[in-house]
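The values are calculated or read from the model by the stated rules, or taken from the named source; none is laboratory data. Just so it is clear, the model here is predicted, and its values are computed rather than measured. Cβ coordinates were reconstructed from backbone atoms using ideal geometry, including for glycine residues, and neighbour counts include every protein chain displayed.
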Amino acid sequence: MPAGLLDEIPLTKLGSAYEVVPGLKEDMPMREKMEILLKFYQKQIVAAVENADSSGQKFIVDEWSRGENMGGGITRVFQDGKVFEKGGVNFSAIHGELPAAAVERMRANHKELKVPKSGKLPFYACGLSLVIHPRHYLAPSVHLNYRYFETLNEDGTTQAWWFGGGQDLSPMYYDEHDAIHFHKLLKDFCDYHDPAYYPKFKKWADDYFFIKFRGEARGIGGIFFDDLNDKDPDLIFKFAADGLSRFLPSYLPAVRRAYEPSTQPRPTPEEGWHWQGLRRGRYAEFNLAVDRGTQFGLQTPGSRVESILMTLPLHCSWEYNYHPVPGSLEAKTVEVLKNPREYV
């Protein structure tokens with residue numbers, strides 16, 4: 001096992017994850033607080049992944065700008081490591097004007113939006129988005145995204161605001177221990193902030209991360225939420241901070257267990273690599289054909305395509321009319337993906 005995977009990731013006390021972030025002040029505008037929070041956890045996650053990989057491989061750092069007064073971001077991409085085949089941990093903070101088509105889609109959930117006579121709505125958006133694809137076929141891929149969005153009046157004041165995000169796990173082979181551990185940590189921090197959050201956001205994830213044309217989920221879900229503005233923004237900010245702090249301890253143990261001896265049935269390497277390629281094909285299908293974030297990014301004027309598509313696996317495959325052998329580990333995984341479960 002790579003030495004870095006042996007490190008335990010401590011759990012931050014619930015409700016206090018934001019307190020460890022240098023530079024945060026209570027009276028800051030929310031956009032400034034979110035930028036500081038997201039950049040802090042970007043650096044923390046990047047350092048932990050590099051350490052766990054134990055290869056000396058480092059993230060490529062690509063700082064980019066959309067142009068004068070339009071914002072930019074920091075794309076960090078990892079590739080060809082010992083443990084992690086590909087990963088990206090991206091921060092962005094952009095602003096500009098939403099085209100009329102995008103505004104009309106948003107008005108479906110935000111009737112309060114007032115569109116200027118020009119038909120274009122000023123906006124601000126910041127977010128941290130990550131996807132990690134490990135090398136080992138027994139280690140799951142993972143996704144996380146936390147974001148904050150504002151629309152602006154013509155004088156620059158905030159017109160409407162909301163938070164969105166979540167995190168979900170996509171195993172190549174279903175492992176009940178990993179599933180329970182991942183969902184338990186999500187439920188714990190959700191329950192701390194609002195007991196209604198986990199069942200609501202877990203169901204939302206089950207519905208959202210579902211490939212309808214395949215009739216199966218991308219993975220075993222997690223939590224997903226959008227348009228969240230039903231509490232004081234500082235309370236939702238602290239909820240997002242706790243979610244970010246729970247990422248590493250919810251995920252890295254599942255990667256570690258892929259390298260540990262087990263008495264449970266396991267595929268041969270040949271079977272594992274073959275199945276991993278097919279599951280990653282499903283991952284690519286979801287991101288390109290279903291994911292709203294990918295579609296929004298590609299439709300936003302001046303979007304950075306490389307940063308948006310870094311979520312795609314390095315290697316994936318498709319086989320015509322492939323079906324796993326009944327009763328096999330692959331078939332058992334598909335059965336879970338077709339029928340979402342309650343894990344905690």
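Do we have GLU335 as free of Cβ contacts under 8 Å to residues at least 12 places away in the same chain, surrounded by fewer than 17 Cβ atoms within 10 Å (Cβ to Cβ) and within 18 Å of SER170 (Cβ to Cβ) here? Judged against the criteria, GLU335 is a match.
Condition test on MET28, is it crowded, with 19+ Cβ neighbours inside 10 Å, out of contact with any Pro (no Cβ under 9 Å at 6 or more places or on another chain) and either over 16 Å from PHE239 (Cβ atoms) or not acidic (Asp, Glu) (or both)?
On the way: crowded, with 19+ Cβ neighbours inside 10 Å: no; out of contact with any Pro (no Cβ under 9 Å at 6 or more places or on another chain): yes; either over 16 Å from PHE239 (Cβ atoms) or not acidic (Asp, Glu) (or both): yes.
When the stated conditions are applied, MET28 does not pass them.
Considering the range 27-54, the residues that are touching a residue at least 60 places away in the same chain (Cβ under 8 Å) and polar (S, T, N, Q) include one that is farthest from PRO253 (Cα to Cα), namely GLN42.
For the range 213-230, a tally of residues being buried (at least 17 other Cβ atoms within 10 Å of the Cβ), part of a strand (DSSP E or B) and not hydrophobic (A, V, I, L, M, F, W, C) returns 4. For the range 131-166, the tally of residues that are closer than 17 Å to TYR259 by Cα and surrounded by fewer than 20 Cβ atoms within 10 Å (Cβ to Cβ) stands at 2.
Of all residues in the range 268-294, which are of a type in the set (S, T, N, Q), without any contact (Cβ under 8 Å) to a residue 24 or more places away in the chain and over 16 Å from PHE210 (Cα atoms)? Of everything in the range 268-294, just one residue is of a type in the set (S, T, N, Q), without any contact (Cβ under 8 Å) to a residue 24 or more places away in the chain and over 16 Å from PHE210 (Cα atoms), namely THR268. Scan the range 55-67 and tell me whether some residue there is at pLDDT 95 or above, in contact with a Lys or Arg (Cβ under 8 Å, 6 or more places away or on another chain) and under 18 Å from PRO249 (Cβ atoms). Taking every residue of the range 55-67 in turn, none turns out to be at pLDDT 95 or above, in contact with a Lys or Arg (Cβ under 8 Å, 6 or more places away or on another chain) and under 18 Å from PRO249 (Cβ atoms).
Among SER307, SER262, which is the only one that is surrounded by fewer than 16 Cβ atoms within 10 Å (Cβ to Cβ) and either aromatic (Phe, Trp, Tyr) or over 28 Å from LEU14 (Cβ atoms) (or both)?
Details: SER307 fails: surrounded by fewer than 16 Cβ atoms within 10 Å (Cβ to Cβ).
From the options SER307, SER262, the qualifying one is SER262.
The residues of the range 45-60 that are in contact with a helix residue (DSSP H, G or I) (Cβ under 9 Å, 6 or more places away or on another chain), surrounded by fewer than 17 Cβ atoms within 10 Å (Cβ to Cβ) and in a helix (DSSP H, G or I) amount to a single one, ASN51.
Take the conditions (1) within 25 Å of ASP188 (Cα to Cα); (2) β-branched (Val, Ile, Thr); (3) out of contact with any helix residue (DSSP H, G or I) (no Cβ under 6 Å at 6 or more places or on another chain); (4) at pLDDT below 95; ILE9 misses just one of them, which is (3). Looking at the range 14-40, which of its residues are in contact with a helix residue (DSSP H, G or I) (Cβ under 9 Å, 6 or more places away or on another chain) and hydrophobic (A, V, I, L, M, F, W, C)? Across the range 14-40, the qualifying residues are LEU14, ALA17, VAL20, VAL21, LEU24, MET28, MET30, MET34, LEU37, LEU38, PHE40.
From the list VAL344, VAL325, VAL255, exactly one residue is modelled with pLDDT of 95 or more, part of a helix (DSSP H, G or I) and either β-branched (Val, Ile, Thr) or over 29 Å from LEU185 (Cα atoms) (or both). Which is it?
None of the other options fit; the residue is VAL255.
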